[in-house]
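Scroll down for the structure; my scribbles are underneath it.
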Amino acid sequence: MNITFVDLKRQYDSIKTEIDGAIANVIGDSAFIGGPYVESFERAFGSFCCTKHCIGVGNGTDALCIALRALNIGRGDEVITAANSFIATSEAITMTGAKVVFVDINPETYNIDVDKIAEKITSRTKAIIPVHLYGQPADMDPILELARQHNLRVIEDAAQAHGALYRGRHIGSIGDIACFSFYPGKNLGAYGDAGAIVTNDDQLSVKARKIANHGRTQKYDHEIEGVNSRLDGIQAAILQVKLNHLLEWTESRRRNAYFYNELLRNADVMTPIEIENTKAVYHLYVVRVKNDCRQKLQEHLKANGIATGIHYPIALPNLKAYAYLGHNAHRDFPEATKASKEILSLPMYPELEKSQIEYIVEKIADFFS
Ligand SMILES: *Cc1c(COP(=O)(O)O)cnc(C)c1O
């Protein structure tokens, strides 16, 4: 049996008529940049996140950069984030001119270790970017409390967590501002690059929208220099169609995760946990494999037609790109460093079938026996 890591084609096939119609409408109306399709999706996605404002942008990385700039973060400032994320999170910090400050992860949730944030706060710290990695909400309450005590802003990197909940609150509505990616493989994925910023703060919303559109509000009244980062009409129309299916797809992801958990309960891998009173949306289903056998397990699964991934094989502070920070991997980020050698992402998508999960688990059991 061949099982791909994600299956975007299968999802498209299930909504082909709706998607093709939506794309044709945008082209028919020549509503390529801005216009009714973008406005309509912005309203729908803001409402989905329980936020007052939503600004469509070019991609998730831009969303982070623009959010940081809207908060006046730049040269001389420090921004704290998690040691385990995709590089876009830290890249965005550096792009504003600020310094990225990494915090080790909690080995059970793989999210930022909230007990290790305080020791990294200095007089230059301006913000914290918790990442809701793999679709698991970061532990926001202690982060908000630290932010309150030290007068810091909180930017949620929600690129992997569309529709997740933390203690009854919607991911994206908890910090000062939040950033989403609609990269095709994300839980809500466009058919190209796309992203969004959401916030309940009126002023931040105006500022972010201005920065994303060359620093202007009207046609040529540029008040500042911004960037060109816009959600286009075709992507907005596609996302609007897909947003209507997202709850149902999220439930399928969660069902698949719990089915994996159940079948893997006696296997020699650690299955993911959810922190209390949260709804995780399983962008990825990540297990942990001990005793240096991850590579062999991955090869065994591959030989049986099963694709897997590693998110991420090198923790951010250990990347060459951050050698200039002079960190020692094992001393400074022991948990992120250890996890990066043991984590393995199994196939996870709404369309994954029970029989496929059974097959994957059977092959994992074969490997360990
Ligand atoms: C995908 C992703 C981003 C960046 O989004 P793009 O749309 O690819 O620019 C940022 N942060 C995290 C955690 C991501 O997974």
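Derivation of every value follows stated rules applied to the coordinates shown; laboratory data play no part. All of these numbers come straight from a predicted model, not from anything done at the bench. Quick reminder, even Gly has a Cβ in these numbers, built from the backbone with ideal geometry, and neighbours come from all protein chains shown.
When the helices in the chain are scored as -39500 (n - 2.57) per DSSP H run of 4 or longer and the sum is shared across all residues, what 222 nm value do you end up with, to the nearest 500 deg cm²/dmol? Display every interim value, and only then the final one.
Working: 11 runs with 144 residues, N = 369.
Roughly -12500 deg cm²/dmol at 222 nm, from the helical runs in the chain.
Taking the Cβ-Cβ separation of Asp366 and Ser252 as r and a Förster radius of 25 Å, what is the calculated FRET efficiency to the nearest 0.05?
Numbers: r = 26 Å, r/R0 = 1.05.
The calculated FRET efficiency here is 0.40.
Sequence-distant or interchain residues sharing an amide H contact under 5 Å with Ala82, placed H: which?
Correct list: Val103, Val131.
Could you give me the ³J(HN,Hα) list for the range 151-156, computed from phi with Karplus coefficients 6.51, -1.76, 1.60 and θ = phi - 60°, whole Hz, x at Gly and Pro?
The phi angles translate into 6, 10, 9, 10, 10, 7 Hz.
Determine which lysines satisfy two conditions relative to Lys207: a Cα distance under 20 Å, and not lying fewer than 8 residues away in the same chain.
Straight-line reach from Lys207, under 20 Å: Lys52, Lys126, Lys219.
Across the range 26-37, in residue order, what do the Karplus-derived ³J(HN,Hα) couplings come to in whole Hz, using 6.51 cos²θ - 1.76 cosθ + 1.60 with θ = phi - 60° and x for Gly and Pro?
4, 5, x, 8, 6, 9, 6, 10, x, x, x, 5
Under 1.5 on a/c is rounded, so check that first for the chain, then, if it is not, pick prolate when a/b is larger than b/c and oblate when it is not; a ≥ b ≥ c are the square roots of the alpha carbon gyration tensor eigenvalues.
Details: a/c = 1.98, a/b = 1.18, b/c = 1.68.
Oblate, since a/c reaches 1.5 and b/c is not below a/b.
Length gain on complete extension for the stretch Asn328 to Arg265, per 0.36 nm per residue less the alpha carbon to alpha carbon distance? Each step should come with its number before you reach the end.
Details: separation 63, 0.36 × 63 = 22.68 nm, distance 3.50 nm.
Between Asn328 and Arg265, full extension yields an extra 19.2 nm.
Just want the answer: with Cβ charges of +1 for Lys and Arg and -1 for Asp and Glu, which residue in Pro184, Ala196, Val206 is farthest toward the dipole's positive end in the range 148-214?
Of the candidates, Val206 comes out farthest on the positive side.
Report the calculated FRET efficiency for Gln295 and Glu91 (r = Cβ-Cβ distance, R0 = 35 Å), to the nearest 0.05.
Numbers: r = 28 Å, r/R0 = 0.79.
Step by step, r from the Cβ atoms, then E = 0.80.
Estimate the FRET efficiency between Asp13 and Glu39 by the formula 1/(1 + (r/R0)^6), using the beta-carbon distance for r and 41 Å for R0, to the nearest 0.05.
Numbers: r = 29 Å, r/R0 = 0.71.
It comes out at approximately 0.90.
So how do Ile15, Ile129, Ile55 line up by other beta-carbon neighbours within 10 Å, fewest first? Mind dumping the intermediate values first?
Details: Ile15 15, Ile129 28, Ile55 31.
Ordered from fewest to most neighbouring Cβ atoms within 10 Å, Ile15, Ile129, Ile55 come out as Ile15, Ile129, Ile55.
For a distance above 25 Å, tell me the whole-number percent of Cα pairs in the range 246-368 that qualify. Numbers along the way, then the final one.
Working: 2303 of 7503 pairs.
Looking at the range 246-368, the distances longer than 25 Å represent 31 percent of pairs.
Need one number: % antiparallel among DSSP beta bridges in the chain, to the nearest 5.
On the way: 23 of 39 bridges.
Within the chain, antiparallel bridges account for around 60 percent of the total.
Going by average Cβ density within 10 Å per residue, which order do the peptides 289-297, 275-283, 245-253 take, highest to lowest? Don't skip to the answer; put the middle values down first.
Values: 289-297: 14.2, 275-283: 19.7, 245-253: 16.4.
Answer by packing, highest mean first, reads 275-283, 245-253, 289-297.
Give the shape of the range 183-253 as rounded, prolate or oblate, defined through the alpha-carbon gyration tensor: a ≥ b ≥ c are the square roots of its eigenvalues, a/c under 1.5 means rounded, and otherwise the shape is prolate if a/b is larger than b/c and oblate if not.
prolate
What is the total of Lys pairs in the range 246-368 with C-alpha atoms under 29 Å apart, excluding same-chain pairs fewer than 8 positions apart?
27
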